[in-house]
Amino acid sequence: QVQLVESGGGLVQAGDSLRLSCVVSGRTITTVSMGWFRQSPGKEREFVAALRWTGSETYYEDRVKGRFTISRDNAKNTVYLQMNSLKPEDTAVYYCAAKGKYAIDLRTSYEYWGQGTQVTVSS
């Protein structure tokens, strides 16, 4: 049974930083590609960032490129999303997701999802 648990969300001011964590159980993270998504009230879920299972290839949504960084700690079986220079429009519930290593497109079709963690950025 694969389980993803996000943490690290909170209430911050514009310009502040947060680091989200996603602990993976039931599957070694070096065998899965990982993604981060977010969803605001009344809006569809949006792709944010992804890391291929090899650990050497990343993808970012244009609005977060240069501010957010996806990374992992293999020893802790944990994936991170470092968020810098946060803006009010970054406010959302953030979800981590995983899929098998043979997938090609890392922006869609994830198999496993976490419960989400709330990030709120005030102006």
*Return the residue satisfying two criteria in turn: it lies in region 113-123 and is under 14 Å from the mean Cα position of the chain (by Cα) and open to solvent by 70 Å² or more (accessible area, probe 1.4 Å), and of such residues it is nearest to residue 20 (Cα to Cα).*
118
*Can you tell me which residue among 55, 35 is farther than 18 Å from residue 117 by Cβ and either open to solvent by less than 50 Å² (accessible area, probe 1.4 Å) or of a type outside the set (Ser, Thr, Tyr) (or both)?*
55
_Positions within region 88-110 being surrounded by fewer than 14 Cβ atoms within 10 Å (Cβ to Cβ) and at pLDDT 95 or above, in sequence order_ = 88, 89
*Looking only at region 66-73, decide whether some residue is acidic (Asp, Glu), without any contact (Cβ under 8 Å) to a residue 40 or more places away in the chain and either open to solvent by less than 30 Å² (accessible area, probe 1.4 Å) or within 24 Å of residue 1 (Cβ to Cβ) (or both).*
yes
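Based on what the data block shows, is residue 2 open to solvent by less than 60 Å² (accessible area, probe 1.4 Å), at pLDDT below 95 and in contact with a Phe, Trp or Tyr (Cβ under 6 Å, 6 or more places away or on another chain)?
Spelling it out, residue 2 is indeed open to solvent by less than 60 Å² (accessible area, probe 1.4 Å), at pLDDT below 95 and in contact with a Phe, Trp or Tyr (Cβ under 6 Å, 6 or more places away or on another chain).
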_Which pairs turn up if I take residues in region 46-61 that are within 15 Å of residue 105 (Cβ to Cβ) and look for partners that are open to solvent by 50 Å² or more (accessible area, probe 1.4 Å) and outside any loop (DSSP other than H, G, I, E, B) with beta carbon separation below 6 Å, at least 6 apart in sequence or on another chain?_
50/59; 51/58
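The values are calculated or read from the model by the stated rules, or taken from the named source; none is laboratory data. Everything quoted here is computed from the prediction, not taken from an experiment. With ideal geometry, Cβ positions are generated from the backbone for all residues, glycine too; neighbour counts draw on all protein chains shown. Surface areas here come from the heavy atoms of the whole protein model, side chains and all, with no ligands, DNA or RNA. Shrake-Rupley method; radii C 1.70, N 1.55, O 1.52, S 1.80 Å.
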